[in-house]
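Structure record follows, encoded as structure tokens.
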């Protein structure tokens with residue numbers, strides 16, 4: 001078993017390039033099915049979830065290869081329309097393959113997806129969207145069987161702005177006859193990036209980032225290349241790290257607009273953050289003790305992201321005063337709180353609310369990562385704690401961070417991955 005060993009209490013100083021966005025790469029890999037040819041995806045991070053997506057594509061009959069940060073997918077030989085249960089259980093985002101497989105083959109068979117245990121995340125919106133497009137779906141017994149001789153464009157309203165449901169609707173609509181209009185879609189930057197890739201495939205699609213997305217059926221392009229956007233959650237994590245440990249860091253290849261809410265909160269806490277959108281650079285400095293801020297409330301983009309909540313919470317642990325977090329997206333998003341308490345943090349939770357009373361100091365401890373972003377929060381907190389912390393459960397962190405220890409080392413952290421006892 002591997003662990004991260006962090007000797008905290010040391011200021012961070014250095015520069016790191018932000019990896020490609022996990023939540024952009026995964027739906028684009030699923031969308032490559034529609035190309036019926038070769039897609040080369042650049043800026044693709046080495047993540048456990050990316051590996052699972054590659055294995056799903058290979059099971060379907062696609063050819064997948066990697067050259068550095070570029071992944072080449074040839075979907076011309078796709079012969080299957082099912083995904084094994086074992087692969088579905090490894091990754092929540094595997095459900096985004098549903099719309100793409102259905103659009104390509106006219107049927108799709110898979111089980112309910114896995115991923116981090118953050119509470120109920122039903123895929124009712126995904127299924128409802130595909131049914132509106134003309135799919136016949138049997139979702140009893142933990143299995144999903146979709147069939148559609150021909151999908152038909154329609155006006156499709158999502159009850160909630162679900163990222164996954166928006167992506168599945170977009171992908172299925174690419175092979176539907178006529179025009180599909182999706183209202184109340186998710187507005188995350190990753191939706192815009194998926195649209196940019198689909199446009200390269202020849203899809204007539206517009207509106208990503210707004211309240212209406214319009215999709216028309218597509219011609220087939222045999223070869224496309226696309227560079228995915230940078231990962232805003234990873235960038236927010238490293239900004240939280242310097243807020244926790246102190247120092248001065250520089251992030252490159254990042255779009256500051258994509259993490260403006262996190263920047264606003266950290267600035268309010270007392271960090272000095274400057275952004276250069278044209279150059280894709282963010283610099284952050286923390287010298288004095290942070291102070292508590294007004295309530296941080298998670299909501300769909302462009303609101304404060306639920307994925308950013310855990311690392312920013314970790315940065316608040318030594319802030320002077322009391323900070324309140326309200327989690328409106330996932331029921332079990334506070335699973336990391338009990339581990340943060342091992343470091344000496346004072347946190348009370350009740351339902352959707354977490355109250356952090358800032359302490360003067362944190363101390364090293366043995367910690368267990370329970371989910372992806374909670375694991376990142378443990379790293380952030382450990383960097384600001386005095387002494388040595390050891391974090392296990394790294395398979396969660398590896399789902400979304402490309403060798404997090406290397407990036408933090410580049411920022412001056414005393415951190416290394418080692419074999420546990």
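The values are calculated or read from the model by the stated rules, or taken from the named source; none is laboratory data. Just so you know, these numbers come straight off a predicted model, no measurement behind them. In this analysis, Cβ positions are derived from the backbone assuming ideal geometry, glycine residues included, and neighbour counts consider all displayed protein chains.
For the condition crowded, with 18+ Cβ neighbours inside 10 Å, modelled with pLDDT under 95 and more than 20 Å from residue 16 (Cβ to Cβ), what is the one hit in 330, 325, 304?
None of the others qualify; the one that does is 330.
How about region 159-175: which of its residues are in contact with a helix residue (DSSP H, G or I) (Cβ under 8 Å, 6 or more places away or on another chain) and within 14 Å of residue 301 (Cβ to Cβ)?
160, 162, 163, 164, 166, 167
Only one of 377, 413 is modelled with pLDDT of 95 or more, within 30 Å of residue 43 (Cα to Cα) and within 19 Å of the chain's Cα centre (by Cα). Can you tell me which?
The conditions single out 377.
Going through region 230-256 one residue at a time, which ones are in a loop (DSSP other than H, G, I, E, B) and within 26 Å of residue 378 (Cβ to Cβ)?
231, 246, 253, 254
Every residue in region 83-111 that is surrounded by 16 or more Cβ atoms within 10 Å (Cβ to Cβ) and in contact with a strand residue (DSSP E or B) (Cβ under 6 Å, 6 or more places away or on another chain), please.
83, 88, 98, 101, 102, 107, 108, 109, 110, 111
Based on what the data block shows, is residue 417 assigned to a strand (DSSP E or B) and either within 27 Å of residue 250 (Cβ to Cβ) or touching a residue at least 24 places away in the same chain (Cβ under 8 Å) (or both)?
yes
Can you name the condition, by its number, that residue 262 falls short on among (1) more than 27 Å from residue 6 (Cα to Cα); (2) in a helix (DSSP H, G or I)?
Unmet for residue 262, out of (1) more than 27 Å from residue 6 (Cα to Cα); (2) in a helix (DSSP H, G or I): (1).
Any residue that is more than 18 Å from the chain's Cα centre (by Cα), part of a loop (DSSP other than H, G, I, E, B), at pLDDT 95 or above and farther than 17 Å from residue 131 by Cα - is there at least one of those in region 210-218?
Checked against the condition, which is being more than 18 Å from the chain's Cα centre (by Cα), part of a loop (DSSP other than H, G, I, E, B), at pLDDT 95 or above and farther than 17 Å from residue 131 by Cα, region 210-218 yields at least one hit.
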